[in-house]
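The values are calculated or read from the model by the stated rules, or taken from the named source; none is laboratory data. Since the model is a prediction, treat every value here as computed from it, not as a measurement. Glycine gets a Cβ as well: all are built from the backbone with ideal geometry, and neighbour counts include every protein chain shown. Side chains included, ligands, DNA and RNA excluded: accessible areas come from the protein's heavy atoms. Shrake-Rupley method; radii C 1.70, N 1.55, O 1.52, S 1.80 Å.
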Amino acid sequence: MNKEQELLRKKSPVNIKNKKASFEYFFVETFTAGIVLTGTEIKSIRLGKASLVDTYCHVINGEMWVKGMSISPYFYGSYNNHEMKRDRKLLLTRREIHRLQDATKLPGYTIVPTLVFIDEKGRAKMDIALCRGKKQYDKRMTLKEKEDRREMDRAFKRF
């Protein structure tokens with residue numbers, strides 16, 4: 001991901017993150033995918049009413065799907081409202097899908113959504129990452145590094 005793409009994600013009015021993913025997994029490679037949504041789903045996402053807790057991606061019949069993504073029903077939606085938790089299709093190139101499918105056949109690898117954002121054209125996009133699971137000692141090291149960074153920041157603020 002280049003700096004221009006990072007700036008677009010930061011400027012996006014909606015940034016729904018999966019904070020637990022970076023603690024649970026090492027990110028090997030990241031991809032940006034479009035999401036197939038209904039009208040009330042995109043309205044809820046624009047209001048920030050979505051969650052990526054306990055979500056994962058998998059390939060079925062050559063198509064990438066996200067499971068467990070929760071998008072709250074739109075408040076002003078009537079009988080047309082969507083289901084809160086349903087499988088949603090992700091839009092990736094065939095080459096990317098085959099690459100991810102082959103990688104997930106290896107033990108310890110999975111595909112996890114990391115971020116949902118709105119691009120400059122108003123479309124919902126999702127960053128997904130090919131991940132390798134962390135062991136318990138890796139998680140302890142991550143916590144220790146985070147604590148050390150926090151201590152260093154406190155020390156610099158004093159002076």
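Residues considered: Ile60, Ile128, Ile71. Of these, the only one that is in contact with an Asp or Glu (Cβ under 7 Å, 6 or more places away or on another chain) and either β-branched (Val, Ile, Thr) or at negative phi (or both) is Ile71.
Of the residues making up region 110-126, those that are under 13 Å from Met64 (Cα atoms) and within 8 Å of the chain's Cα centre (by Cα) are Val112, Pro113, Met126. Condition first: of a type in the set (Lys, Arg) and closer than 30 Å to Asn61 by Cβ. Can you find one or more residues in region 135-154 that meet it? Checked region 135-154: no residue is of a type in the set (Lys, Arg) and closer than 30 Å to Asn61 by Cβ. For region 42-55, filtering for residues that are under 22 Å from Glu24 (Cβ atoms), in contact with a Ser or Thr (Cβ under 8 Å, 6 or more places away or on another chain) and open to solvent by 60 Å² or more (accessible area, probe 1.4 Å) leaves 1. Restricted to region 106-159, and to residues that are among the acidic types (Asp, Glu) and in contact with a strand residue (DSSP E or B) (Cβ under 7 Å, 6 or more places away or on another chain), which residue is surrounded by the fewest Cβ atoms within 10 Å (Cβ to Cβ)? That would be Asp119. Only residues that are open to solvent by less than 50 Å² (accessible area, probe 1.4 Å) and touching a residue at least 60 places away in the same chain (Cβ under 8 Å) were counted in region 78-97, giving 1. Scanning region 56-69 for residues that are open to solvent by 20 Å² or more (accessible area, probe 1.4 Å), without any contact (Cβ under 8 Å) to a residue 24 or more places away in the chain and either within 30 Å of Asp138 (Cα to Cα) or within 16 Å of the chain's Cα centre (by Cα) (or both) turns up at least one hit.
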